[in-house]
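Peer 1: Here's a structure for you.
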Amino acid sequence: MRIGIVGAGGVGKTSIVANLMGDASFYRFHIDIGMERRMRLLTQKEKKIPLGGAAAMQEAMLYQEVINLLTHSGGYLTDSPLPVIWAYTDFAAKTEIIQENQYKRLITTIKTFMPLYDLFFFARPLPHFRPDGFRVVNEDLRRFVDGHIQKQMRDGAIPYVELPPVSLEERLDMVRNTIESLETDIYV
């Protein structure tokens, strides 16, 4: 089962995935935390994206996700799945950070590999965003990404479960219970 936790920046995607890493229910899942992936892609000295590097970073994240999808068919969980990359790619195109030919190549790849997921959990924005010192708080970007992902989830063919703005523990319980229920249905 390939599962993605989707949502705008700061909704708790990474917290959900990180908390499931040590969970016995997820022992067979390859778990990928996209924040770590992004940090590796940033220059280590200043933690800034070099000029012209936004498109290269989007492309590197996209192809790493495709590799993960292709190689971890038994169980895969990530906080940086293709719908999230798609939303940020659209924002980068809208704000002219990436060129049209790069955009078309990225979107074609995303649409090709999106059907490999079995389920998404859509984490909705929490009422109060708490800056973590790493993210740039851009409410326009957060609203754009949340709306974009909401449209993808409603228009897409891949099942999703909406995670309301409740506590982390409640969200973790929802994820665990849903996956347990699906796995029981598959094996019974």
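The values are calculated or read from the model by the stated rules, or taken from the named source; none is laboratory data. All figures in this text were calculated on a predicted structure; none of them were measured in a lab. Heads up, the Cβs are rebuilt from the backbone with ideal geometry, glycines too, and the neighbour counts pull from every protein chain shown.
Peer 1: Would you say SER73 is in a loop (DSSP other than H, G, I, E, B), modelled with pLDDT of 85 or more and at negative phi? Spell out the reasoning first.
Peer 2: Numbers: in a loop (DSSP other than H, G, I, E, B): yes; modelled with pLDDT of 85 or more: no; at negative phi: yes.
Taking the combined requirement at face value, the residue does not satisfy it.
Peer 1: Within the set of pairs 6 or more residues apart or between chains, which connect a residue that is over 22 Å from ILE31 (Cβ atoms) and touching a residue at least 40 places away in the same chain (Cβ under 8 Å) inside region 77-103 to a residue that is not acidic (Asp, Glu) and not in a helix (DSSP H, G or I) with Cβ atoms less than 9 Å apart?
Peer 2: Within 9 Å, the pairs are PHE91/ILE97.
Peer 1: Kindly indicate whether THR78 is surrounded by 17 or more Cβ atoms within 10 Å (Cβ to Cβ), at pLDDT 90 or above and under 18 Å from LEU116 (Cα atoms).
Peer 2: Values: surrounded by 17 or more Cβ atoms within 10 Å (Cβ to Cβ): yes; at pLDDT 90 or above: yes; under 18 Å from LEU116 (Cα atoms): yes.
For THR78, the condition - surrounded by 17 or more Cβ atoms within 10 Å (Cβ to Cβ), at pLDDT 90 or above and under 18 Å from LEU116 (Cα atoms) - is met.
Peer 1: Of everything in region 92-135 that's among the aromatic types (Phe, Trp, Tyr) and at pLDDT below 90, which residue is surrounded by the fewest Cβ atoms within 10 Å (Cβ to Cβ)? Spell out the reasoning first.
Peer 2: As a first pass, look at region 92-135 and keep what is among the aromatic types (Phe, Trp, Tyr): 103, 113, 117, 120-122, 129, 134.
Among the residues that remain, those that are also at pLDDT below 90 are: 129, 134.
On the way: PHE129: 15, PHE134: 10.
Per the stated criteria, the residue is PHE134.
Peer 1: When region 154-163 is examined, which residues are found to be at pLDDT 90 or above and either farther than 14 Å from PHE122 by Cα or surrounded by 12 or more Cβ atoms within 10 Å (Cβ to Cβ) (or both)?
Peer 2: Selection gives PRO159, TYR160, VAL161, GLU162, LEU163.
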